[in-house]
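This report concerns only the one structure given below.
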Amino acid sequence: MKMTPRVAKLRDQSRNAIPSISSERAELLTEFHRQNQDKALSVPMRRALAFQYLLEHKTIVINEGELIVGEKGPAPKASPTYPELCTHTLDDLNILDEREKVPFRVSDEVRQTYAETLIPFWEGKSMREAIFERMTPEWKEAYAAGVFTEFMEQRSPGHTVLDDKIYHKGMLDFKDDIQRSLDALDYENDPDTHAKDEELKAMAVTADALIRFGERHAEKARELAKAAPTEKRRAELERIAEVCSHVPAHPPRNTWEALQYYWFVHLGVTTELNPWDAFCPGHLDQHLLPFYEGDLADGTLTSQSAEELLQCLWVKFDNQPAPPKVGVTAQESSTYTDFVQINIGGVKADGTDAINPLSYMMLDVIETMHQVQPNPSVQLSEKNPEAFAKRVAEVVREGMGKPDIFNSELVVEEMLRVGKSLADARGGGTSGCVETGAFGKEAYILTGYFNMPKVLEITLHNGFDPRTGKQLGPRTGDPRDFANFEELFAAYEKQLNYFIDLKIEGNSAIEGLYAERLPALFLSLLTDDCVATGRDYHEGGARYDSSYIQGVGLGTMADALTALKVHVFESPTVETPRRGVSTRRGVSTAMGDLLSALEEDFAGRERLRQLLLNRTPKYGNDDDTADEVMVRVFEAYFDAIDGRPNTRGGAYRVNLLPTTCHIYFGSVIGATPDGRRAGMPVSEGVSPVQGADRHGPTAVLRSVAKMDQVRTGGTLLNQKFTPQVLESSSNLDKLVNLIRAYFRMGGHHIQFNVVDAATLRAAQANPDQYRDLIVRVAGYSDYFCDLTEALQDEIITRTEHEGV
Amino acid sequence: MPQFPNFPTYQPPIFDIKRFSLHDGPGIRTTVFLKGCPLSCAWCHNPESQKSTPELIFRAERCLGCGACVDACPEEAITMAEGRSVTAWARCTHCGECAQVCYPGAREMACQEMTVEEVLEIVERDRPFYEESGGGVTFSGGEPLAHPDFLEAALVACREAGLHTALDTSGHAPWEVIDRIRPHVDLFLYDVKLLDDAQHQNDTGVSNRLLLANLQKLAELGHNIHVRTPLVPGINVTPAQIQALGKFVAQLPGVSRLDVLPYHEMAAEKYRRLGRDYPLHGLQSPDEETVQKTARTLREFGLEVHVGG
C-alpha cells in the first residue's frame, strides 16, 4: 500500500525537520534536583521522582495529522540531553552544531542555558566524570591508545527489548504486581528488605508517571479538538484522547491502543535515561496480531487503516535521532540512527511458524516508508514459508539494505547454550545491530568494542604501543626471538588476556556505579524479574544478565597472522625492494624485515606489500589455511571472555560486530602484516578484509561458517550485490537459497547492500542527487550522503559480487 | 572419491572455476571452464578459452613498474616504458616465468592444470548451496568436448557424488564422443549460433552440420536440452536467421527452452590483455527493443524464451 496523504505529510515533516539540541529535559531535571536536594530521599526514589517530574512538565506534542502521538523532545528531532550521564561542554555543543555530517543545531538560548545553569550545576556530578575518576591509569592508557572503547561513559546500559507484557497489562496492573511483591517482603529475615521496599515503591512512582503522561496527551488532544480545522480531524483528536486516557493505565483493547501504548513506553524508557539502541518493540507482528484480528472482525479497522497506523508509528521512530554525543565521540559519531530493531517473523513461543498477515504488512511498510529508522529485521526460520522469504528478498533488492536477516533457529540455540529457557529463547530475538537477547527478561549490555589487530600490533612490539609511545601490555618477548608461529600466538594470547582483564575490571567498576547512582526504575518495571525480586535492572534484577565485549577486526587478524605464519615462519623470505629475487633467510631476519617494512608503512616496499596481499591465503576465500587461523583468533577471543562473571550475577559473552568502529580502530594502528596500510580501516564484523574475498559469496559464507557462531551473541556479515545480480525472479530465489544455505551452515546474520560502485561514486561526487540513497553501513542502514568520506570510500571498496 | 584408473594423470587446461554461477543452468552452480575450442567465433567473450595451451594475460593497470618480469623473462620479450612493463607478444612463448614473479597480478597465466580429484574438491565445497537451490556443476569452455577423457571422468565423479551436471557445449565433436559423455549429463546447454552453414563457416571457422546433427540426435534420444543463442548484431540478428532458428529449435523433439544471450562488448578488454586485436571492435550490443522483439518472434514458435539465460 502507498503512503496515505497524511503519512506522506508526516514523513516529509520528519525528513525536513532539522535535528537540534533541546535543553528542556536537562533544565527540568536540574530544576527537580535543585528543589529536592535537601530532602532525604533514597537514590531509587529520587530517580523515580525525577522521572515523574520530567513527564509531568515536558512539552506535550501532537503534530498535525498524527494518529500516534508523543515526542521525546518538544518537537520532532529536537533531541534531549542527559547531563546526569554526560554534560555537554560548550565545545561539544559547537562541534555538534558545526560538524559537516550529522549536525545538531544549537540555538543561542541553549548555549546560554548550558553556560549559565546546566554546566555549573552538573560539573563534577555526571556519571561520565565518575567513571573516568574510577578508572586506573592502565585502563586510561589502553583506552586512549584505542585498544577498546567504553560504551557506558555517555549512554546508559541498554540494547533492551520489550516482550508481550504491555499488551495484556496496563500500568495499574504493574502496580498491582508491585504491591504483591511489597506484601511478600520478609522484613524479619531478609536484610535487603529496605532496599527492595524503596526500589519497588520507586517503580510504582514511574508507573503513575507514565499514566499521567498519557493523560496529559489526552488533555492536549481534547484541547486541540476544540479548535480542529475539520470535523474529521476533530473526531481523530477525540479518538486520540480516548486512546491516551485508556492506555497506558489499562491494557490495550485494539491495534491503535496497542501501538500508542508501546510508543508511550518507548518514550518513557528513553526519557528516563539514554540507553544504547533506545528501546525496541521486539516481535511486533506477533504482539499485534490478536488486536488486528479483533479489529477486522468487529469492523473497526481495515487492513489499509491498520497499515496507516503502522506507517504513523514508523514516522515516530524517525523523529528521534540518537542522543547527541560528547567529547571525541561527538566528532566521530556518524549517524542519527538509534538502532531500534523490530523483529519480523521467526517462531512463536510454541515453536511453530510465526508468519502472519502483519509480517507481510510490515515488509510492505519498510518498502513504502523507505526510512533509515527504525531498523527492521527478519528472523528467518526453517519453518517460515518460501513465499515470505522471497518477499524479504524482494525488499532487500530495493537497495536499502533492509531488512537484516537473522537465523531464527541459531538465535534460539545461542540462548539455550547459555541456559535460557526454551520459551524465553523463542520469545527473544535480536536487537541493536545483531545482538541476541531474551526479550523482556534480560539485561544484555554491550560494554565496548575491542580492537584485536591493535593487540597484535602491541604483541609485535613486545607490549609497547608505537603510536602512543607507551609500554601498554606485558613484555611477551621480542618477536624476532620467536622460533615458530605457536610462540607468536602464545604471546598474542597473553596480551589479549591482559587487555580483556583490564576491560572487565573497568566494566565492573562502571556497572557498580550505575547500580549505585542511576537505577532505571521504569526499565526495571518492564523487565522480568525486577518487580518480583525488588531489584533494579542495573543490579541484577533481570532474569538473565549478560555483558558483551564486541570483537572487531577478525578478518584483519586472520590475514595478518596467516601472512606471518606463511612468510615468516613457514618459508622465511626477504623480498628485495625492486627486482623479484627473494632470498630464503632465517625466521628472525624475515620477522625483522617485515617489522621494519610495517614501521615504514611499506615505503619503498611495494613488492613486499603485493606479496602479502596477493600471494598469501586470505580469509573469505574458503581457504582452510587462512580460515583455520580465523578460527584460532575467534577461539582465543572466546576463551578470554566467555563465562566470566559480571557484577549482576550473569556472565560475559562475545559477539563480533563493529558498527562503524572499525574505522576508528584502523586509524590507531600502523601498517599490518596483511598488507594493510597504516591508518586504514580494519575489517568489519566477521566479514573478510575489504577486497580480499575473490571467490564470490559462497566462498565467503563457507569461510565465515567455519566459526562456531552458536557460541556468540551475534556476528555481523555484510555482503554487497549489484542490482543486476538480483534482477530476475529466479535470481531472487537464488538469493533466498544463498541465505538458507548459510543459515544451515550455522550463520547468525547476513545483510546486503544492493548497489553498484558506480552509483556510489556518483553519489559521492553529487550528493544532492542521491540524498535518499540508503546503504548498509554495519548493523544498520544510513543515508550514504550523511556518511563521512572515509566511510563512503570503504563502502565503495567492499567487494562487489558480480553474478555474471 | 571414485578413482579413475584409465586417466590417472591426465590434467586438462582449466582457465577458471567460477563459484556462485547464476546463469549456467538451474540453481546456484559452480562452472568449470576448460580451455581449447575448435570454433573461433568472432564474438567470443572468453578469448582466453580458445587455445588449449597456457596463455599469458597482462593487466596493465595493475603493473607497478618494478621490473621483476624483465629480469625473469628468458626470451627478453619484456621492456619497461613509461613506468610499466611492455610485452613484445611476438616473442612471448607463454612460459609463465614473468607471472611467477608478478605479485600484483598484472601478469597471470590463464590456465591451471588440474586433476579430476582437484576439480571435484573445489566443486564439492558449495554442496550446501546446490542442495538448497537445486544447483550443481556446469562444464563449459572453450569446448569441454575437446577433452573427452577428462570430461567423462569428471562427469561420472560428479554424478557419483550426487551432483546435478550440466554441459555447456557447441556440440562440435564426433558423435562417438557425445555418445560417451551423454549418459552422465543432466542438462545440455547447447549453443546454436547460425543456421546458415556458409555464414557459420565464415564466422566460426567450422561447418554447422555436425553440431546440428548431434543436437538432433540428442533431442531424439530424449535428453534435457536448453538451446542457447548469442544475439550478435550484424551476424545473426536478422529476420531470416531468427526465423530459421525458431523453426529449427521448435521441431527438436522435447526441446522447448531457448535462451538468447545479447552480445556485449565487455570482452574487448580481454583481447587487449592477451595482446590480440578485437575482431568486432566498435560493435554495439543489441538494443533492448531488438532483444525483446527477437524474443517475441521466437516465442511465436511455441518456445519458452529467456533473455540472458
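When restricted to Cα atoms, region B:36-164 yields an Rg and a Dmax of 18.5, 54 Å, respectively.
The convex hull of the Cα atoms of region B:118-245, projected and averaged over all directions, covers 8.7 nm².
Put in order of Cβ neighbour count within 10 Å, fewest first, the listed residues B:Thr204, A:Thr352 become A:Thr352, B:Thr204. Compared with the dominant principal axis of the Cα atoms in chain A, helix A:231-246 is inclined by about 80°. Using Cβ point charges alone (K and R +1, D and E -1), the dipole size of chain B about the Cα centre works out to roughly 460 debye. With Rh defined as the Kirkwood radius, the inverse of the mean 1/r over Cα pairs, the Rg/Rh of region A:1-124 is 1.05.
If you average the C-alpha positions of region A:164-236 and of region A:126-141 separately, how far apart do those two centres end up, in angstrom? About 36 Å separates the Cα centre of region A:164-236 from the one of region A:126-141. Estimated at 0.36 nm per residue, the fully extended path between A:Glu129 and A:Asn484 surpasses their Cα-Cα distance by 123.3 nm.
Counting 0.36 nm for each residue step from A:Asp601 to A:Ser107 and taking away their Cα separation leaves a gain of 173.4 nm. In chain A, the longest principal axis of the Cα atoms and the axis of helix A:554-564 are about 10 degrees apart.
Ordered by the number of other Cβ atoms lying within 10 Å of each residue's own Cβ, fewest first, B:Phe150, A:Phe638, A:Phe406 fall into the sequence A:Phe638, B:Phe150, A:Phe406.
Only DSSP H runs of four or more residues enter the estimate; each adds -39500 (n - 2.57), and after division by the residues of the protein assembly as shown the mean residue ellipticity at 222 nm equals -13000 deg cm²/dmol. In plain terms, the C-alpha convex hull of chain B casts an average shadow of 17.0 nm² when viewed from every direction. Inter-chain neighbour count for B:15-25: the average number of beta-carbon atoms from partner chains within 10 Å of each residue's beta-carbon is 4. In the frame of its principal axes, chain A has Cα extents of 88, 63, 53 Å, reported largest first. Across all Cα pairs in region B:1-111, the calculated P(r) in 5 Å bins from zero up to the longest distance comes to 2, 11, 16, 16, 17, 15, 11, 7, 4, 1, 0 percent per bin. Distance check, please: which entries in A:Lys165/A:Lys316; A:Lys390/A:Lys454; A:Lys58/A:Lys348 exceed 32 angstrom between their Cα atoms? As for pairs spanning more than 32 Å Cα to Cα, those are A:Lys390/A:Lys454; A:Lys58/A:Lys348. Within straight-line reach of A:Lys720, meaning a Cα separation under 16 Å, sit the following aspartates and glutamates at least 8 residues removed in sequence or on another chain: A:Glu394, A:Glu398, A:Asp404, A:Glu684, A:Asp693, A:Asp756, A:Asp782, A:Asp793, A:Glu794, A:Glu800, A:Glu802. Between A:Ala297 and B:Gln100, the modelled labels are 8.0 nm apart [label points 7 Å from Cα along Cα→Cβ]. In plain terms, the residue of A:Lys402, A:Lys226 with the fewest other Cβ atoms within 10 Å comes first and the most crowded comes last, giving A:Lys226, A:Lys402.
Taking label points 7 Å from Cα along the Cα-to-Cβ direction, A:Glu188 and B:Lys217 give a separation of 10.1 nm. From the Kirkwood radius over Cα pairs of region A:363-402, Stokes-Einstein at 20 °C and 1.002 mPa s returns a whole-number translational diffusion coefficient of 201 µm²/s. Across region B:56-109, Cα pairs under 8 Å and at least six residues apart give a relative contact order of 47 percent. Extending 7 Å from the Cα toward the beta-carbon at both A:Lys2 and A:Ala228 defines two label points whose distance is 2.6 nm. Of all DSSP-defined beta bridges confined to the protein assembly as shown, some 35% are antiparallel rather than parallel.
Relative to the Cα centre, the charge distribution of the protein assembly as shown, modelled as +1 at Lys and Arg Cβ and -1 at Asp and Glu Cβ, gives a dipole magnitude of about 1480 debye.
Between the beta carbons of A:Asp12 and A:Asp350, assuming R0 = 45 Å, the FRET efficiency works out to 0.60 to the nearest 0.05.
Placing R0 at 25 angstrom, the Cβ-Cβ distance between B:Asp287 and A:Ser730 gives a FRET efficiency of 0.55 after rounding to 0.05. A DSSP coil position with no more than 16 other Cβ atoms inside 10 Å describes the following chymotrypsin sites (Phe, Trp or Tyr not before Pro) in region A:131-188: A:Tyr187.
A dipole drawn for chain A from +1 and -1 charges on Cβ atoms has a positive end, and of A:Cys312, A:His88, A:Asn731 the residue lying farthest that way is A:Asn731. Translational diffusion of region A:543-677, estimated by Stokes-Einstein from the Kirkwood radius over alpha carbon pairs at 10 °C in a medium of 1.306 mPa s, is 96 µm² per second. A Cβ-based charge dipole, computed about the Cα centre of region B:56-109 with Lys and Arg at +1 and Asp and Glu at -1, lands at about 140 debye.
Considering region B:56-109 at the alpha-carbon level, its Rg and Dmax are found to be 9.5, 25 Å. Helix A:624-641 and the longest principal axis of the Cα set of chain A meet at an angle near 50°.
Computed from the C-beta positions of B:Glu61 and A:Asp708, the FRET efficiency with R₀ = 35 Å rounds to 0.30.
No lab work stands behind these numbers, since they all come straight from the coordinates. If you're wondering where the values come from, they're calculated on a predicted model, not measured in any experiment. Backbone-built Cβ (ideal geometry, glycine too); neighbour counts: all protein chains shown.
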